[in-house]
Every structure is written in C-alpha cells, then in structure tokens.
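To start, the structure itself, in structure tokens.
The values are calculated or read from the model by the stated rules, or taken from the named source; none is laboratory data. The model shown is predicted, which means the values in this text are computed figures rather than measured ones. Don't worry about glycine lacking a Cβ; one is built from the backbone with ideal geometry, like all the others, and counts go over all protein chains shown. To get the accessible areas, we keep the full protein, side chains included, count just its heavy atoms, and leave off ligands, DNA and RNA. Shrake-Rupley method; radii C 1.70, N 1.55, O 1.52, S 1.80 Å.
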Amino acid sequence: MERWLALELASTIRHDGDGGVADDLASVEGVTRWVEARAESLSGQVRIRELSVDEALRSEIVALRQAVRALFARAVSPAPPSPADARRLMPVEEALAYLNSVAARESVVPQLDWPSDGAPAVRLVSAEGDPAVLLLAALARAAVDFLSGPHRDRLRACSAPRCVRYFVKSHGRQEWCKPSCGNRARAARHYQRQRQASDGGPAAS
C-alpha cells in the first residue's frame, strides 16, 4: 500500500472512536512514538536515534501540520475541508510561507564525485547537523512533493459522519477513507431515510 508522509502528518488529527477528535501529537511522548513509527520513511534523511523530541520541536511539528492541513483544504476545494479545523484554518498565504520556510531550513551543498573509472557527477549533501532541523525539513519537503505531485488531484476529505481524515482516492467512486467510514455513512443515510419516512416526508435518495 502506497504511503505519503504528508498525509500521515495530516492524519495525526483523527476521529477518536467516541465522537470526538484525537491528536496524536498532543504530547512529546506522542510525537516521539509517531516519529519512531516512521523511521523507515525517514531513513536517509533523519538520524532518528540522535533525535530528542522536546516541547519546542513538538510545537513546530504541530504548526507544520496546521500549514499542511490548510493547504490540503485548498487542494480539495470547492469540496468541504475536514470538519476538524474547517473554522480555524491557517490562511493559505501564511501556510505556504511557513511550509516553504521550514523546507528551506536544511541547507544542501553540491559535492563532486569523480571515480577513477567513470565520469564526474554531482550529488547534493546535507550541511545540517541538527536532527530536529532535519526532521522538520524532511516533513516539509514531503508536503511540498505531495502537493506539487499527481496525487494532489485525488486528495479528498472523508465525508463519513465524525471522520476528520484526508485520503487519496484510489478508484472513481470512492467517497470514504476506509470501509468502516463507508459503513457508518451508509447507516446514517439509512437512518435519515427511515426518519423522513416516519415523519411523512420524502425519502432521501
């Protein structure tokens, strides 16, 4: 199954199973667990073992998530955004500026490779030594890549009751992020039809 780090960051805001919203990044411990679970995705970009998450880093990741979710809301427009933050979205220009500034925190320098038996080639090498900066830049670049790539056009906000996730549409008729959301949405529609029928009104289609 294809994974997108930017979508996983946005999905740290999720339905809690009891009608509310859970935040996986609400604590330093939560951020640590989330980052460690993505060690494979971040391999080669971030030295996870050297990373120590503190409140300052947690706050910056949360701010980056706000920017990403604001840009996701723009991507799915004119369809409604996720209801989790529909009324308090970061302004688009502010979100763009923040995302780009975080992506630019990691400086890279060109290095010339010239093997004795081959042609010279240039590779880009990070000049950044702070693992926290590397993490933030990697998350920001993942969002830049996602939003500038082909998957943006298939990004949707799940329309199931109480769901607050974004997802990438995998087939033409997909309306929900996962089967359980589809079941909940169909049950809600059935309830609405039954209620309208009992009230003597027209049944919903």
Exercise for the section: Please state, to two decimals, what the Cα-based radius of gyration of the chain comes to when divided by 2.2 N^0.38 Å (N = residues). Expected result: 1.25
Completion exercise
Rounded to the nearest 10 Å², the accessible area of Leu89 using a 1.4 Å probe with every protein chain kept is 60 Å²
Practice task
For Arg65, Arg74, give the ranking by accessible area with the largest first, probe 1.4 Å.
Solution key: Arg74, Arg65
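Relative contact order, percent, of the chain when contacts are C-alpha pairs under 8 Å separated by at least 6 residues?
On the way: 253 pairs, mean separation 45.0, N = 205.
That works out to 22 percent.
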Problem - Selected from Leu134, Ser82, Leu51, residue furthest toward positive end of dipole (the chain; charges at beta carbon) - result: Ser82
Problem - Value of [θ]222 nm, deg cm²/dmol, for the chain, DSSP H segments ≥ 4, -39500 (n - 2.57) each, nearest 500 - result: -14000 deg cm²/dmol
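At 15 Å minimum axial length over the Cα atoms and a Kyte-Doolittle cut of 0.0, report the qualifying DSSP H helices in the chain, or say none. List each step's numbers first, then the result.
Values: long enough: 55-76 (31 Å, 0.58); 92-103 (16 Å, 0.73); 131-147 (24 Å, 1.85); 179-198 (28 Å, -1.74).
In the chain, the long hydrophobic H runs are 55-76, 92-103, 131-147.
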Exercise for the section: Mind ranking Ile48, Ile61 by accessible surface for me, highest first, 1.4 Å probe? Expected result: Ile48, Ile61
Practice task
Give the accessible area for Asp54 in Å² (nearest 10); use a 1.4 Å probe, count only protein heavy atoms, and leave out ligands, DNA and RNA.
Solution key: 80 Å²
Practice task
Order Leu42, Leu112, most accessible first, counting only protein heavy atoms with a 1.4 angstrom probe.
Solution key: Leu112, Leu42
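How many Å² of accessible area per residue for the chain, probe 1.4 Å? If you can, show how the numbers build up before the last one.
Working: 12020 Å² over 205 residues.
Spelled out: the 1.4 Å probe surface of the chain, per residue, equals 59 Å².
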Practice task
Leaving ligands, DNA and RNA out of it, report the carbon-plus-sulfur percent of the accessible area of the chain at a 1.4 Å probe.
Solution key: 51 percent
Exercise for the section: Return, in residue-number order, each cysteine of the chain whose C-beta is not under 4.7 Å from any other cysteine's C-beta. Expected result: Cys181
